[in-house]
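First comes the structure, then the notes that go with it.
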Amino acid sequence: MIFKNMKKLLLCLSVFAIVACKDEAPKDYVTLSGKIENKSSDSLFIYQGRTFSKTIKVNEDGTFTDTLKVAPGMYGVYDGNESTSLYLKNGYDLNLTLNTKEFDESIKFSGEGAEANNYLVEKALMQENLIEPSIFDLEEADFNAKVVELENEMNTFLDKNATALDSTLLANEKMQISQFKPGITGAYKQQQARAAQFASYIGKPSPNFDFENVKGGKTALTDLKGKYVYIDVWATWCGPCIREIPDLKKLEKDFHDKNIQFVSVSVDDGRGFKGDVAAAKEGWKKMIAEKELGGIQVISDNGWKSDFVQGFKINGIPRFILIDPAGNVVNADAPRPSSPKLREVLNNLENI
């Protein structure tokens, strides 16, 4: 009787050991699931440069779930309109929620791997507010001092969160901070070179446009002669463009009784809408309504290839241009709305 009971006990222990081993075996994949409110498309695109990509189906109710086999590292996730960063490694079981109407501010992670990814969300928001575009308007000595200050703030933020990161991600974050100073300094020098490049436009007639107006009909640049014209070249999928909108709206309000017209030229040509130009145009109209955009809102007749865009050698956005009442170029690469330098420039214009 004792022997039989012992056999049963050993059998039970053996089964338990097998189950326990199975439970403890690490997953060789990532589980990524979640829900998107106000989804932009029917899929999510996960990518890492050219080495990895996977499309995940998003259901009608915004839910999604899938598995991915990955090498540990940074990945991008694109919802058809905006993108953000992920840190993935096999064994993670991540749940992602977001609302596309407040994309960056609404992203939340839970589950295995959430700490590292919530850190990335917080870092992106911190850096978005930390680095003002007007830094490129500073004189060189002031710029260099500001870079040191920013580098110190980034190191402080990383030190505060270091315990939530594994060694691979921590090493990656330290490397990024070490690359910040040479990277932004290089961008500063390029900005100075751009100013020299576009100096040849000053005082010359601006390339014209005659684009569809969101309110109906068309608007040409020549229709606006007699006024200064501040032009914002943008697109609905461009994060830096959208971040300038609150400052642009405030600028329009503060200068509403001045001799200046604010014009926004969209280069939306299908990006984020699977190349569908008509859908992109509807998305443009929708964003204008939702964000209550003012000024004159027009859309380029041929995206990036229109004569106006090509004439100003625009290959990156946002781009801002200032035209005088005679239709001549004041600045082909004007300060952006968030830059204090722009108000200084506008306030010093003659007969504004």
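Here are the numbers for this structure:
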{"read-out": "Subset of the stretch 256-271 that is small (G, A, S) and crowded, with 21+ Cβ neighbours inside 10 Å - its residue that is farthest from A326 (Cα to Cα)", "value": "S266"}
{"read-out": "Among (1) hydrophobic (A, V, I, L, M, F, W, C); (2) farther than 23 Å from D210 by Cβ; (3) part of a loop (DSSP other than H, G, I, E, B), the one test that I314 misses", "value": "(2)"}
{"read-out": "Close pairs from the stretch 71-95: first outside the structural domain of A235 (by TED's automatic domain parsing) and without any contact (Cβ under 8 Å) to a residue 24 or more places away in the chain, partner in a loop (DSSP other than H, G, I, E, B) and aromatic (F, W, Y), Cβ under 7 Å, at least 6 apart", "value": "none"}
{"read-out": "Within the stretch 128-165, tally of residues that are loosely packed, with under 14 Cβ neighbours inside 10 Å and more than 30 Å from P340 (Cα to Cα)", "value": "4"}
{"read-out": "Pick from the stretch 317-334, criterion outside any strand (DSSP E or B) and in contact with a Phe, Trp or Tyr (Cβ under 7 Å, 6 or more places away or on another chain), ranking: surrounded by the most Cβ atoms within 10 Å (Cβ to Cβ)", "value": "A332"}
{"read-out": "Within the stretch 291-309, tally of residues that are modelled with pLDDT of 95 or more, more than 11 Å from V233 (Cβ to Cβ) and either among the polar types (S, T, N, Q) or in contact with a Gly (Cβ under 7 Å, 6 or more places away or on another chain) (or both)", "value": "1"}
{"read-out": "Subset of the stretch 294-310 that is within 19 Å of L224 (Cα to Cα) and of a type in the set (A, V, I, L, M, F, W, C) - its residue that is surrounded by the fewest Cβ atoms within 10 Å (Cβ to Cβ)", "value": "I296"}
{"read-out": "Candidates N172, N155, N144, filtered to the one that is part of a helix (DSSP H, G or I) and under 17 Å from S85 (Cα atoms)", "value": "N172"}
{"read-out": "Selection status of S53, among the hydroxyl-bearing types (S, T, Y), outside the structural domain of T168 (by TED's automatic domain parsing), without any contact (Cβ under 8 Å) to a residue 12 or more places away in the chain and over 20 Å from G111 (Cβ atoms)", "value": "yes"}
{"read-out": "Filter pass, F198 being within 28 Å of the chain's Cα centre (by Cα), closer than 30 Å to L349 by Cβ and not aliphatic (A, V, I, L, M)", "value": "yes"}
{"read-out": "Subset of the stretch 277-311 that is in a helix (DSSP H, G or I) and among the basic types (K, R) - its residue that is nearest to D333 (Cα to Cα)", "value": "K305"}
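Residues checked against (1) polar (S, T, N, Q); (2) at pLDDT below 95; (3) under 17 Å from A334 (Cβ atoms):
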| residue | (1), (2), (3) |
| --- | --- |
| Q191 | yes, yes, yes |
| N213 | yes, no, no |
| D223 | no, no, no |
| F255 | no, no, yes |
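The values are calculated or read from the model by the stated rules, or taken from the named source; none is laboratory data. Since the model is a prediction, treat every value here as computed from it, not as a measurement. Neighbour counts run over all protein chains shown; Cβ positions are idealised from the backbone, glycine included.
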